[in-house]
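Here the structure is laid out as structure tokens; the discussion comes afterwards.
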2 protein chains.
Amino acid sequence: MRSGTSIRPRTTHRIPMFERLDPVVYAPAGETPAGPLSAEDLERFERDGFLFYEGLLPADEVRHYREEPTRLLQDPSLLDEECVLREPRSNEVRSIFRVHRISPLLAALGRDRRFVEPVRQILGSDVYIHQSRINYKPGFEGKGFNWHSDFETWHAEDGMPRMRAVRCSIILTDNNEFNGPLMLVPGSHRYFVPCVGATPDDNYKSSLKDQQIGVPDRESLAELIERGGIRAPKGPAGPVLFFDCNTLHGSNANMSPFPRSNAFFVYNSIDNRLQAPYAARRRRPLFLTDDDCRPIRPR
Amino acid sequence: MRSGTSIRPRTTHRIPMFERLDPVVYAPAGETPAGPLSAEDLERFERDGFLFYEGLLPADEVRHYREEPTRLLQDPSLLDEECVLREPRSNEVRSIFRVHRISPLLAALGRDRRFVEPVRQILGSDVYIHQSRINYKPGFEGKGFNWHSDFETWHAEDGMPRMRAVRCSIILTDNNEFNGPLMLVPGSHRYFVPCVGATPDDNYKSSLKDQQIGVPDRESLAELIERGGIRAPKGPAGPVLFFDCNTLHGSNANMSPFPRSNAFFVYNSIDNRLQAPYAARRRRPLFLTDDDCRPIRPR
């Protein structure tokens, strides 16, 4: 092990992107795995790398979840300060991590069969929660997120071996073109873009605010957008977005007065438990990578 | 005159916005001034503070203008380096100023009757070019512009006495929701939002890259957006946008691979020539405020 501020470069020079080695939907060829998603849903997920699902949660339930962060922030005893990430300039809250551990309401939501069953159907195995989080973009304040693949970071910095994890985002506020909605590149999950650069120790402390390491090179990004375009699902609060761990996504700043927030759970297959990080000295802290890998029993 | 780094604060504490004192369309009440714009066009301009005009320039002409900046940048002898503004991080060109002085093609375009006649019709007088500019947002690079009213800056920093100027923007590239299109607040031109803070000397050197002084307070901005909404005209290259000097506007970063550019001319009424700046020690340099106030003879 070297001393110094970084270890095990992701790559030292640009390597062209290459085709994904792992399945997207983990089912024997030609078979539709049993579960709540239709064959058409699964085909769409396989093709685009995401599925935008409306009508899964009733409006009053969504409202209830939307108010939970305010309750959490009002009780400082609940929050480990490391789990709260603030905007670089204004100090407003940008994210709360590990919400499935600190909020009984969100812990129950993370085990909800409406999310867990589709994810088990896609991943073809039992799953556990790898990470959970609430993101905020306050009106006029919320900065964007650079384009990135979650898997690239989870592989390099957390030791996730394969592409066998799904993120499930609950859209808690109305999304429009002005409040910095999530943007996805359909089809990008079918390629792995090796990212140049070494991972500084404790990279997450800056990358969660403004990611510069582990972002794809512009040529690859332009090529993938050329092929698949960009999609930014919009509309009233409520929909749930399932997306593959390797789908490229990002978002712009919120220039409107309308706040934007979402809660998400990342489900990893129990057959894809973390190893030693592939390009960092040590795995990121527990608030980013839960170590309870017991299969979730949906309720 | 004081020494120090700033002079004549815009205001020292928040003053509520107040209704505009000047006309928007300078014509005797009930009379439609003669010119190419219809009574309906003028009503829309008066109501929204802008007019998005399609079909004014044929596609091949637009293409010709779009290539002009590349020609200008290839010949360093043409460009006074002060007229070229670069992105804070990447050094890519963000704006070229004073294009009506350095490019014969754009000088001719600035005198074009297709722009000058509608503007004379709106302002009810002869006009001259107060400023001209080409803006770029390179793919993945172009940063946004904070919400602001041009008039606030022109009044405070350049000594423009009244709201009697119109900007005419030619959209040179396709606009979509992902490449940081211009956003406007309809109806905002009917209010003046006093901006708190003193103007540092040579404020333009930073404000042109990231405006922090002379931006409206968030309460006023939220109230104006609440009333009028946000509009971001999109579509293929070619349209011309006429907008009042006091219409609030801004834009987000360009997160797409698609570059975005526009050229614009600001026409000021010859009855609204600049005075001493209202809240700065000295007027900004000539590349931002032309001193040739002779009426344009349209061609």
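The values are calculated or read from the model by the stated rules, or taken from the named source; none is laboratory data. Every value quoted in this text rests on a predicted model; they were computed, and no experiment measured them. Counting neighbours? That spans all protein chains shown, and the Cβs are built from the backbone with ideal geometry, glycine included. With ligands, DNA and RNA removed, areas are computed over all heavy atoms of the protein, side chains included. Shrake-Rupley method; radii C 1.70, N 1.55, O 1.52, S 1.80 Å.
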- Query: If you take the residues in region A:157-185 that are among the hydrophobic types (A, V, I, L, M, F, W, C) and not in a loop (DSSP other than H, G, I, E, B), which one is nearest to the other protein chains (Cβ to nearest Cβ)?
  - Reply: A:M183
- Meets criteria (more than 25 Å from B:D271 (Cβ to Cβ) and in contact with a helix residue (DSSP H, G or I) (Cβ under 9 Å, 6 or more places away or on another chain)) for B:P186: yes
- Query: Looking only at region A:141-175, which residues are among the aromatic types (F, W, Y) and either within 24 Å of A:A107 (Cα to Cα) or open to solvent by less than 10 Å² (accessible area, probe 1.4 Å) (or both)?
  - Reply: A:F151, A:W154
- Message: When the residues of region A:222-238 are narrowed to those that are modelled with pLDDT under 95 and assigned to a loop (DSSP other than H, G, I, E, B), which ends up farthest from the other protein chains (Cβ to nearest Cβ)?
- Response: A:G238
- Note on the structure: Screening B:W147, B:W154 for residues that are over 23 Å from A:E226 (Cα atoms), among the aromatic types (F, W, Y) and away from every other protein chain (no Cβ under 14 Å) leaves only B:W154
- Task: Please specify each residue of region A:180-202 satisfying the condition of being of a type in the set (V, I, T) and within 19 Å of the chain's Cα centre (by Cα).
- Result: A:V185, A:V193
- Which condition number in (1) surrounded by fewer than 20 Cβ atoms within 10 Å (Cβ to Cβ); (2) under 19 Å from the mean Cα position of the chain (by Cα); (3) within 14 Å of chain A (Cβ to nearest Cβ) is the one that B:E219 fails? (2)
- Note on the structure: Output for Cβ contacts, cut-off 8 Å, separation at least six or different chains, first residue open to solvent by 10 Å² or more (accessible area, probe 1.4 Å) in region B:108-129, second among the small types (G, A, S), reads B:E117/B:G35; B:R120/B:G35; B:G124/B:A27; B:G124/B:S269; B:S125/B:S269; B:D126/B:S269; B:I129/B:G110
- Message: Taking the conditions exactly as written (closer than 22 Å to A:F52 by Cβ and in contact with a Phe, Trp or Tyr (Cβ under 6 Å, 6 or more places away or on another chain)), does A:L224 satisfy them or not?
- Response: no
